[in-house]
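*Asks:* Here it is, the structure, as structure tokens.
Rule-based calculations on the coordinates, nothing more; no lab input. The structure displayed is predicted, hence computed values, not measured ones. Note: ideal-geometry Cβ built from the backbone for every residue, glycine included; neighbour counts use all protein chains shown.
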Amino acid sequence: MSTSNQNNLSPVERIKQKSDALRGTLKQSIQDNATGALREDDQSLMKFHGMYQQDDRDRREERSAKKLEWLYSYMIRLRLPGGFLTPQQWEGLHHIAGDHSTGVIKITTRQTVQLHGILKSHVKPTIKAFNTMQLDSIAACGDVNRNVVCNAHPRQSALHEEIFRYADKISKLALPKTRAYYEVWLDEQPILNKEEEADPLYQDRYLPRKFKIGIAIPPYNDVDVFSNDIGLIAIVENDKLTGFNIAAGGGLSTTHGNPNTYARLATVLGFVAGEENTLKAVYEIITIQRDFGNRSDRKQARLKYTLDKMGVPEFKAELEKRCGFALEPEKPYQFTQRRDDYGWYQNHEGKWNYTVFTENGRVLDDDKLAIKTALLEVAKTGAANFRFTCNQNVILSDILPENRQQVEDILIRFGLIAHTDNAGAVRKSAIACVAFNTCPLALAEAQRYLPTLITKLEPVLQKHGLADDEISLRMTGCPNGCGRPYAAEIGLIGTAYGQYNLHIGGDRFGYRLNKKYKENLDEPAILSELDNLLGTYSQQRYSGETFGDFAIRNNWV
């Protein structure tokens, strides 16, 4: 075990170690009606339970002027390996959102859903309501393995269900053993013998930082597999799953002005055959990060920094030693698509699936579209499961042929098919993080602003004959990368309110990161720069050449 930073632990490390297996004083904090906030240490521990303390940043100044406490609330994120809900669970989620949160259901870039604006007194009732539907938020945040993502669309492979099940297996493998969640939020009696929750994976330290795992089924890479700490690339030969190429060290978060932080795509280490060896390799990569990861500086604590500090050969050797077997050479594969398949598609079993365009993952009713009510009506039929994509859309899935018309009638009646069909190509491929008004890290807008920016960009695309070009455009309100902007052809990363760094040159399928092109641009400057770049691209590109590849060929970055 590395001891280089064990004597200089960050404050969060000390909070974890003295937390009594993530219990802290959460029970007391949540019952304190004198404040809308939790005790400081408990704010860190709450993340391990799938929650964040936030406040309404739109109202900070107003409340401070009145000498009032900020308007604190909580975000709760579900643990949904592979992003799957039954129609009954979606119906329950709909009502929980209305009873306890802002009412908006947010589909995240990690294939799950989260609710915002939950007041302190509603946190336990929300968790209890989810529990009645066999849903939980354990380890959806915090320094543990988070929601495991997998290609969402059942049409993508006849082996989809077999590969999809790995998301749940890995999620269970990497769950913390503590019963704290059940005691704090569900009023389970405390266990008397603490040895029952001994955790050989996380011990009492957990991980140095968050940890993410993604599973891709070539030729589809909608999960952005290389952006994960561990990426599993399914290898199918003669219509059989033979194993996975296993990659490690992906992660996109950076810090403005800190050159020691950087985005990195995962490195393929080799091939692993069979379920037992695959799960073993995943487990042992997590233990390497547990033992060698930086626990002094949280900005240097992700697996990508551990891998680079050790070096790939030493990391791979350590993994093989812990696994007790050698990795095989990487198997060939190719990604040719990262966008979602919108509209109706039938899978190999004859079941139908419809992908609804859900802009930036926000499921709500407004004066233009009642998407939330429409999806509730679909759920009430019991005819469709709900699957979420890493591109923040919802797939109404597994619909029997005899039920397709019933679902389609609802989608037509509420305008969801027209909404999906009429959305432009860039809008459909765009991603934005939450940012304002709830994210405490946001420096600029993202999900509330990107639709407006795209509306202003669409005439530019039309002018240059690029309206149907599926250029990937992603925006985040800060450099932490939750919307994966560094893995887009065009990335906009917030630096201050109304200002963004413009990155270009990523590839369309997720193999290459982009690079910074211009700094601190406001909206007119962004539109002007993109007008010039897209105009040149339209006039000089090779046949079939993507914008990101064109930018690299022309040495723009």
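*Asks:* Expressed as a fraction of 2.2 N^0.38 Å, the rule-of-thumb size for a compact globular protein of N residues, what is the C-alpha radius of gyration of region 11-323?
*Replies:* Values: Rg = 20.1 Å, N = 313, 2.2 N^0.38 = 19.5 Å.
That ratio works out to 1.03.
*Asks:* Now for a separate question. Using Cα-only point scatterers and the Debye equation, what is log10 of I(q)/I(0) for region 1-132 at each q in 0.14, 0.15, 0.20 Å⁻¹, rounded to two decimals?
*Replies:* -0.75, -0.83, -1.20
*Asks:* In Å and on Cα atoms, what radius of gyration and Dmax does region 165-235 show?
*Replies:* Final numbers for Rg and Dmax: 16.1, 50 Å.
*Asks:* Strictly over 23 Å apart at the Cα level, which of LYS47/LYS518; LYS128/LYS299; LYS172/LYS212 would you flag in this model? Write down the numbers at each step before the final one.
*Replies:* On the way: LYS47/LYS518 35 Å; LYS128/LYS299 34 Å; LYS172/LYS212 14 Å.
Distance filter (> 23 Å) returns LYS47/LYS518; LYS128/LYS299.
*Asks:* Show me the ranking of peptides 277-289, 57-69 by mean Cβ neighbours inside 10 Å, starting with the highest.
*Replies:* Values: 277-289: 20.5, 57-69: 11.0.
So the order, starting with the most tightly packed, is 277-289, 57-69.
*Asks:* For LYS280, what is the net charge nearby, where nearby means another residue's Cβ is under 15 Å from its Cβ and Lys, Arg count +1, Asp, Glu -1?
*Replies:* On the way: positive: LYS169, LYS172, LYS316, LYS321, ARG322; negative: GLU275, GLU276, GLU284, GLU318, GLU320, GLU328.
Here the charged neighbours net out to -1.
*Asks:* So if the hydrodynamic radius of region 248-306 is defined as the Kirkwood radius over C-alpha pairs, what does Stokes-Einstein give as its diffusion coefficient at 10 °C and 1.306 mPa s, in µm² per second?
*Replies:* On the way: Rh = 12.8 Å.
Translational diffusion coefficient: 124 µm²/s.
*Asks:* May I ask you to order 301-310, 140-149 by the average number of other C-beta atoms within 10 Å around their residues, highest value first? Can you show the working numbers first?
*Replies:* Details: 301-310: 22.5, 140-149: 25.7.
The densest-packed peptide leads the list: 140-149, 301-310.
*Asks:* Equivalent ellipsoid semi-axes for region 373-495, as square roots of 5 times the alpha carbon gyration tensor eigenvalues: give them largest first, rounded to whole Å.
*Replies:* 30, 19, 12
*Asks:* Give or take rounding to whole Å, what are the principal axis extents of the alpha carbon atoms in region 192-272, in descending order?
*Replies:* 52, 43, 20
*Asks:* Output wanted: per-residue J couplings in Hz (rounded whole) for region 197-214, from phi through Karplus 6.51 cos²θ - 1.76 cosθ + 1.60, θ = phi - 60°, x for Gly and Pro.
*Replies:* Computed from phi, the couplings for region 197-214 are 10, 4, 10, x, 7, 9, 6, 9, 9, 6, 9, x, 7, 4, 9, 10, 10, x Hz.
*Asks:* What are the semi-axes of the equivalent ellipsoid of region 270-397, taken as the square roots of 5 times the eigenvalues of the Cα gyration tensor, listed largest first and rounded to whole Å? List each step's numbers first, then the result.
*Replies:* Numbers: eigenvalues 339, 89, 36 Å².
Rounded to whole Å, the semi-axes are 41, 21, 14.
*Asks:* I'd like the isolated cysteines in the chain, meaning no second cysteine's beta-carbon lies under 4.7 angstrom from theirs.
*Replies:* Among the cysteines of the chain, those whose Cβ sits 4.7 Å or more from every other are CYS141, CYS150, CYS323, CYS390, CYS439, CYS478.
*Asks:* Assign unit charges at the C-beta atoms only (+1 for Lys and Arg, -1 for Asp and Glu), then state the dipole size of the chain relative to its Cα centre in Debye, rounded to the nearest 20.
*Replies:* Details: 70 positive and 70 negative charges, 240 e Å.
Dipole size: approximately 1160 debye.
*Asks:* Still on this structure: May I ask for the net charge around LEU71, where only other residues with Cβ less than 13 Å from the Cβ of LEU71 are counted and Lys, Arg are +1 while Asp, Glu are -1? Show your work: numbers first, answer last.
*Replies:* Working: positive: ARG57, ARG59, ARG60, ARG63, LYS66, LYS120; negative: ASP55, ASP56, ASP58, GLU61, GLU62, GLU69.
Summing Lys/Arg as +1 and Asp/Glu as -1 gives 0.
*Asks:* Over 25 Å between Cα atoms: which of LYS177/LYS240; LYS331/LYS428; LYS169/LYS316 fall into that group? Walk me through the numbers before you get to the answer.
*Replies:* Working: LYS177/LYS240 34 Å; LYS331/LYS428 32 Å; LYS169/LYS316 23 Å.
Where the Cα-Cα span goes over 25 Å, the pairs concerned are LYS177/LYS240; LYS331/LYS428.
*Asks:* Toward the positive end of the charge dipole of the chain, about the Cα centre and with charges on Cβ (Lys, Arg +1; Asp, Glu -1), which of GLY494, ALA167, LEU457 goes farthest?
*Replies:* In the chain, that residue is GLY494.
*Asks:* Further question: Which value does Rg/Rh take for region 73-172 over its C-alpha atoms, Rh per Kirkwood? If you can, show how the numbers build up before the last one.
*Replies:* Values: Rg = 14.0 Å, Rh = 14.1 Å.
Rg/Rh for region 73-172 comes to 0.99.
*Asks:* Could I ask something else about it? In whole percent, what relative contact order does region 243-370 give with Cα contacts below 8 Å and a gap of six or more residues?
*Replies:* Numbers: 141 pairs, mean separation 27.5, N = 128.
That works out to 21 percent.
*Asks:* So how many Å³ per residue does the convex hull of the Cα atoms of region 427-553 work out to? Could you put the intermediate results ahead of the total?
*Replies:* Working: hull volume 11.5 nm³, N = 127.
Convex hull of Cα atoms, per residue: 90 Å³.
*Asks:* Right, here's the next one. Could you compute the net charge surrounding ALA525? Neighbours are other residues with a C-beta less than 13 Å from the C-beta of ALA525; K and R count +1, D and E count -1. Each step should come with its number before you reach the end.
*Replies:* On the way: positive: LYS456, LYS518; negative: GLU519, ASP522, GLU523, GLU529, ASP531.
Net of charged neighbours comes to -3.
*Asks:* Compute the projected area of the convex hull of the Cα atoms of the chain, averaged over all viewing directions, and report it in nm² to one decimal place.
*Replies:* On the way: hull surface 103.7 nm².
The directionally averaged projection comes out at 25.9 nm².
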